[in-house]
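> Please find one structure pasted underneath; my questions will follow.
The values are calculated or read from the model by the stated rules, or taken from the named source; none is laboratory data. Being a predicted model, the structure only gives us computed values, none of them experimental. Cβ placement follows ideal geometry from the backbone for every residue including glycine, while neighbour counts extend to all protein chains displayed. Each accessible area value is taken on the protein alone, full model and side chains, heavy atoms only, with ligands, DNA and RNA left out. Shrake-Rupley method; radii C 1.70, N 1.55, O 1.52, S 1.80 Å.
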Amino acid sequence: MRLSNRLLVSRKATQARISVSSSHRSVMSARYQLIRIRTRCSVRRVVRIRTTPGVPGSGRIKERTMKIAMLGAGNVGSALAARLVTLGHHVTLVASDPASARLAAAAAASGAEIGTAVDAATVADHVVLAVPFAAIDDLLTDEVRDALAGKVVIDATNPLAADFMSLTVGHTTSGGERVAERLPRSHVVKAFNTIFAATLGTPTLGGAAQLLPVAGDDAGAKRAVIDLGIQLGFDAIDAGPLSNARYLEPAVELLIQLAYGQGLGANIGLHLARG
Ligand SMILES: NC(=O)c1ccc[n+]([C@@H]2O[C@H](COP(=O)([O-])OP(=O)(O)OC[C@H]3O[C@@H](n4cnc5c(N)ncnc54)[C@H](OP(=O)(O)O)[C@@H]3O)[C@@H](O)[C@H]2O)c1
């Protein structure tokens, strides 16, 4: 039986309680709603329902709980893991030292599990790269690259210089494209690199959802990441092919210059004004 049918049967059989997540409803298009399904056995699933106006019960299950490997458990990895776990996703956090106190604290705070890069990537549907760009080669061993084959890999890294105040790659290529060269069997999507870690928990800033540009070459992978961004409350949009990471990464450097060069601080983000 297809997953969507299994969920629907399970929902009926267990008389699931359904509640609409109003905090996310505002950023969803009018035809979509996020619902949480809590069954008697306390298994929570977060799904996206497409509704036909005026037709009760016309919802079609679009998404399911995902298994996400978070490779990197620092500012970005721990904050993103916490949000994803809250939405009902299963997240495994990975750091360079699996026994580090920082990793244990991040897992305890977020409700994520701890794993190795190979094990987490093997079971995951989606994998997030949240390590320093300079650590990519070290992280992506042959074993890890094998485990990532066929997977959606969300590249949240930025190729920053050691002092963070400039980029080490640009113009004719990007960090995202360099990652894709290392992962030719994976579907690399550039996303979440433009959101400061300090604001991952507050997608709405200044009264509007922060812009989350998503760039990638595989349409299905990109759609899945856009949907995830919308679930998280961001204004997630298709930003074109992966080569457009060449423009997303400098946008981050602009934010860094504003935050730390001009003293605005890290509680800032991008909005897309639509006329
Ligand atoms: N901070 C932001 O606001 C922000 C926003 C957008 C994008 N980014 C980008 O996101 C990435 C992560 O930034 P961050 O601020 O979260 O960095 P961070 O706080 O320094 O955390 C880096 C994480 O990566 C892990 N790591 C390093 N090398 C590894 C390896 N070889 N294998 C597995 N794990 C490894 C570290 O583990 P250990 O602690 O055990 O070394 C740590 O958990 C960077 O590329 C950054 O440019 C950052």
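> Please work out which one of (1) away from the ligand (no atom under 11 Å from the Cβ); (2) surrounded by 14 or more Cβ atoms within 10 Å (Cβ to Cβ); (3) not in a loop (DSSP other than H, G, I, E, B) is the condition residue 103 fails and give its number.
With (1) away from the ligand (no atom under 11 Å from the Cβ); (2) surrounded by 14 or more Cβ atoms within 10 Å (Cβ to Cβ); (3) not in a loop (DSSP other than H, G, I, E, B) applied to residue 103, the lone miss is (1).
> Right, here's the next one. Can you confirm whether residue 121 is in the same structural domain as residue 225 (by TED's automatic domain parsing), more than 9 Å from the ligand (Cβ to nearest atom), assigned to a helix (DSSP H, G or I) and open to solvent by less than 40 Å² (accessible area, probe 1.4 Å)?
Taking the combined requirement at face value, the residue satisfies it.
> Give me the pairs, please: first residue somewhere in the range 183-194 and touching a residue at least 40 places away in the same chain (Cβ under 8 Å), second residue anywhere and acidic (Asp, Glu) and surrounded by fewer than 24 Cβ atoms within 10 Å (Cβ to Cβ), beta-carbon distance under 9 Å, and either six or more positions apart or on two chains.
185/146; 188/177; 188/217; 188/218; 189/217; 189/218; 190/177
> Here is a further query. Please return the ranges of helices (runs of 4 or more DSSP H) entirely within the range 170-275 where 1 or more residues are over 26 Å from residue 122 (Cα atoms) and not aliphatic (A, V, I, L, M).
By residue number, 245-256.
> Can you name the number of the only condition in (1) more than 12 Å from the ligand (Cβ to nearest atom); (2) in contact (Cβ under 8 Å) with a residue 24 or more places away in the chain; (3) of a type outside the set (D, E, K, R) that residue 254 fails?
With (1) more than 12 Å from the ligand (Cβ to nearest atom); (2) in contact (Cβ under 8 Å) with a residue 24 or more places away in the chain; (3) of a type outside the set (D, E, K, R) applied to residue 254, the lone miss is (2).
> Since residue 147 meets every condition but one in (1) open to solvent by less than 30 Å² (accessible area, probe 1.4 Å); (2) within 12 Å of the ligand (Cβ to nearest atom), which condition does it not meet?
Condition not satisfied by residue 147: (2).
> Still on this structure: Output the residue which, of all residues in the range 159-197 that are more than 19 Å from residue 223 (Cα to Cα) and of a type in the set (Val, Ile, Thr), is surrounded by the most Cβ atoms within 10 Å (Cβ to Cβ).
Ranking the qualifying residues of the range 159-197, first place goes to 179.
> Further question: Got at least one residue in the range 240-262 being open to solvent by 40 Å² or more (accessible area, probe 1.4 Å) and under 22 Å from residue 87 (Cα atoms)?
Scanning the range 240-262 turns up no residue that is open to solvent by 40 Å² or more (accessible area, probe 1.4 Å) and under 22 Å from residue 87 (Cα atoms).
> Right, another one. Tell me which residues, restricted to the range 124-136, are buried (at least 24 other Cβ atoms within 10 Å of the Cβ) and either assigned to a helix (DSSP H, G or I) or out of contact with any Gly (no Cβ under 9 Å at 6 or more places or on another chain) (or both).
Within the range 124-136, 124, 127 qualify.
> Please tell me if residue 227 is open to solvent by 30 Å² or more (accessible area, probe 1.4 Å), away from the ligand (no atom under 13 Å from the Cβ) and over 15 Å from residue 76 (Cβ atoms).
Spelling it out, it is not the case that residue 227 is open to solvent by 30 Å² or more (accessible area, probe 1.4 Å), away from the ligand (no atom under 13 Å from the Cβ) and over 15 Å from residue 76 (Cβ atoms).
> Condition (residue is within 11 Å of the ligand (Cβ to nearest atom), out of contact with any His (no Cβ under 9 Å at 6 or more places or on another chain) and among the β-branched types (Val, Ile, Thr)) applied to the range 150-160: is it met by at least one residue?
yes
> Looking at residue 200, is it near the ligand (Cβ under 9 Å from one of its atoms), under 18 Å from the mean Cα position of the chain (by Cα) and more than 16 Å from residue 249 (Cα to Cα)?
yes
> How many of the residues making up the range 67-100 are under 24 Å from residue 141 (Cβ atoms) and in a loop (DSSP other than H, G, I, E, B)?
Final tally of qualifying residues: 9.
> If I ask for residues that are touching a Ser or Thr at 6+ places or on another chain (Cβ under 7 Å) and assigned to a helix (DSSP H, G or I), which ones from the range 137-161 would you list?
147
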